[in-house]
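Chemist: Below is one structure. I have some questions about it.
No value in this document is a laboratory result; all are computed from the given coordinates. Small disclaimer: the values here were computed from a predicted structure and weren't measured. Cβ: placed from backbone, ideal geometry, glycine included. Neighbour counts: every protein chain shown.
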Amino acid sequence: ETGVTQSPTHLIKTRGQQVTLRCSSQSGHNTVSWYQQALGQGPQFIFQYYREEENGRGNFPPRFSGLQFPNYSSELNVNALELDDSALYLCASSLAFSYTFGSGTRLTVV
Amino acid sequence: DAKTTQPTSMDCAEGRAANLPCNHSTISGNEYVYWYRQIHSQGPQYIIHGLKNNETNEMASLIITEDRKSSTLILPHATLRDTAVYYCIALDRGSTLGRLYFGRGTQLTVWP
């Protein structure tokens, strides 16, 4: 079985720009969730997608948005980047409470 | 979801058992105890989960107290590769939203 793949692994953006991060789900997993992990902190839940719809959201502003595609892959979009958005972004695919995480995308906002 | 409390850091000699405690005094009947670990700059890795009974798999054992207010993750023979941050999570599987609430976890350092 394939794992969860995230791309890119690293990127650097300038404050105010927009960014799109991508995630390929593990085979058979129909739910995708995204987490933000600041340095020295545990991952924080951003939102979850099931059947191409957002069905839960953490305490993140609307400039954080996402998509889930028919093949269950997903995107995380962040508009108007701020310096505090610098973090490791993790994608997790799941089926019936079995979660598999990708290795994350390290975003640096300068 | 119930909050969990873990020590900030622990260490263990290689080859010895590592016992990582977790308090979850407000856990509800629908909430399972999950353990994940995160090796530096990688994604969290599932270890084990349980509801009431003790559980064991190829990675670890999970001991849950009878009142379910605390649990202990046991790595029976710790190796250097077990050095990681370990997260104890109370997950409400009765909810349609399976959000994992990660605290700061316990940094386990295994030394030679």
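Chemist: Report the relative contact order of chain A, percent, no decimals, based on alpha-carbon pairs under 8 angstrom and at least 6 residues apart. Intermediate values should be presented prior to the final figure.
Modeler: Details: 287 pairs, mean separation 41.0, N = 110.
37 percent.
Chemist: Right, next: I need the P(r) histogram for the stretch A:1-95: all alpha carbon pairs, bin width 5 Å from 0 out to the longest distance, whole percents.
Modeler: Histogram of Cα-Cα distances, whole percents per bin: 3, 14, 26, 26, 19, 9, 3, 0.
Chemist: Which of the GluC sites (Glu not before Pro) found in the stretch B:26-78 are loop residues per DSSP with 13 or fewer other Cβ atoms within 10 Å of their Cβ? Display every interim value, and only then the final one.
Modeler: Details: sites: B:E31, B:E55, B:E58, B:E66; in loops: B:E58, B:E66.
Answer by residue number: B:E58, B:E66.
Chemist: While we're on this one: Inside 10 Å of the C-beta atoms of A:49-62, what's the mean count of C-beta atoms belonging to other chains? Show your work: numbers first, answer last.
Modeler: Values: counts 0, 3, 0, 0, 0, 0, 2, 5, 2, 2, 0, 0, 0, 0.
What the average comes to for A:49-62 is 1.
Chemist: Rank the residues B:D11, B:D67 as a footprinting-exposure proxy: fewest other Cβ atoms within 10 Å of their Cβ go first.
Modeler: Placing the least packed residue first, the sequence is B:D67, B:D11.
Chemist: Check the cysteines of chain B one by one and keep only those with no other cysteine Cβ under 4.7 Å from their own.
Modeler: B:C12
Chemist: For chain A, set up a GNM with springs between Cα atoms under 10 Å and report which of A:Y35, A:Y89, A:Y99 has the largest fluctuation.
Modeler: Maximum among the listed residues: A:Y99.
Chemist: If I build a Gaussian network model for chain A, linking alpha-carbon pairs within less than 10 angstrom, which residue out of A:N30, A:N59, A:N79 has the largest mean-square fluctuation?
Modeler: Among A:N30, A:N59, A:N79, the largest mean-square fluctuation in the Gaussian network model of chain A belongs to A:N59.
Chemist: May I pose another question? Averaged across B:39-49, how many Cβ atoms of other chains sit within 10 Å of each residue's Cβ atom? Show your work: numbers first, answer last.
Modeler: Values: counts 0, 0, 6, 6, 16, 11, 2, 5, 0, 0, 2.
For peptide B:39-49, the averaged partner shielding equals 4.
Chemist: Taking K and R as +1 and D and E as -1, what net charge do the other residues with C-beta under 10 Å from the C-beta of A:Q68 add up to? All intermediate terms of the calculation are to be shown ahead of the outcome.
Modeler: Details: positive: A:R51; negative: A:E52, A:E53, A:E54, A:E75.
Its environment carries a net charge of -3.
Chemist: Find how many whole Å separate the alpha carbon centroid of the stretch B:31-68 from the alpha carbon centroid of the stretch A:50-110.
Modeler: 24
Chemist: Next question. Considering only DSSP states other than H, G, I, E and B, which trypsin sites (Lys or Arg not before Pro) in the stretch B:54-97 qualify as loop sites with at most 14 other Cβ atoms within 10 Å?
Modeler: Details: sites: B:R68, B:K69, B:R81, B:R93; in loops: B:R68, B:K69, B:R93.
Within the stretch B:54-97, the qualifying trypsin sites (Lys or Arg not before Pro) (loop, at most 14 other Cβ atoms within 10 Å) are B:K69, B:R93.
Chemist: Hey, can you rank B:104-110, B:47-53 by average C-beta count inside 10 Å, highest first? Spell out each step's value before the answer.
Modeler: On the way: B:104-110: 18.9, B:47-53: 15.4.
Put in order of decreasing packing, that is B:104-110, B:47-53.
Chemist: Further question on the same structure: Over the alpha-carbon set of chain B, work out the extent along each principal axis and list the three values in angstrom, largest first.
Modeler: Sorted from largest, the Cα extents of chain B read 42, 30, 24 Å.
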